[in-house]
Each structure stands twice: as C-alpha cells, then as structure tokens.
Amino acid sequence: MQNEATPHDVMPFFAVVELILVFPAALFMAALFVRNIQPPPYEPAQTARRIVEWFALRSRLGLEVFLMALPFTALVIGCVVVLRRWMSDAALRQAASDTFAAIRGHLATIIIFLATLSAAGILGVVGLHVMTSA
C-alpha cells in the first residue's frame, strides 16, 4: 500500500521552494536599500554595494534570471498551489471568510494601527537620514 501525499504534506515543500525562488531578488532589493543608509565606505553599505555591483555586472544572469525568471516562476507556482488549495479546502475558505469579517468589523482600528506603523517607519528613515548626513 502506497501512501499518497495530502495537500497539507506538500505545502511546506512549496513554501521552501517559493522562498528559494524569491531570495535572490529580495537580497538585491534589500541591498539597494541598505547601500543608501550609510556612507559607502562603511558596513553594511559596502557589502550591499558589492551585491548590487555583482548583479549589475551579470546582466543576463542577474536581471533576466534572478530578478525576472525566478520571481515569475514563484508567482506562477504560488498562484497554482493557492488556487488548488482554495478549491479543495473548505476550512481554508471558511477561515478566509472569518478573517475578512473580523477585518471589516475592526477596520478603523486596523487603519489606525497601519498609519501608526507607517509613521514609525517614516520617522525611523528620517532619523537615520539626519544621523548619517550630519
């Protein structure tokens, strides 16, 4: 008797595959941000600059593969996996419905929280800018 994998068994596999496919692009995007938070000769800006240069010097591998093909593959795989799971899992659909109902019920509080979080992020970026440019 052969055991068949259930959808719940393969979800961790697809989650890891998605992370692996998106990691190079996420690393590049993070390096673009980090290289600008400190002057170039200091770390971590120096390492971030090297990462950005590595991608820039390998336009076919860097741009076409790591920044376009792998994220596109992750997008397609993710859409297929989530759609198949959505269609076959009534508990997932019910949980999503319950979540959306809870969000609708507390929308004003959620908006206040997100605005407060955004304000903290903006103040953090401005504070870093003031500290590094002074």
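Taking other C-beta atoms within 10 Å as the exposure proxy, 14, 33 rank 33, 14 from fewest upward. In the chain, helices alone account for a calculated mean residue ellipticity at 222 nm of -26500 deg cm²/dmol, with every DSSP H run of four or more residues adding -39,500 (n - 2.57). The angle between the Cα long axis of helix 7-34 and the main principal axis of the chain comes to about 10°, on a 0 to 90 degree scale. Shown here are the Rg and Dmax of the Cα trace of segment 1-101, at 19.1, 63 Å. For the chain, the longest principal axis of the Cα atoms and the long axis of helix 90-105 meet at an angle of about 50 degrees. Between the C-alpha center of segment 75-134 and that of segment 35-72 there is a gap of 27 Å. Against the chain, whose longest principal axis comes from its Cα atoms, helix 45-57 is set at around 70 degrees.
None of the figures in this text is laboratory data; all of them are computed from the coordinates on show. These numbers come from a predicted model, not from an experiment. As a convention, Cβ positions derive from the backbone with ideal geometry for all residues, glycine included, and neighbour counts pool all protein chains shown.
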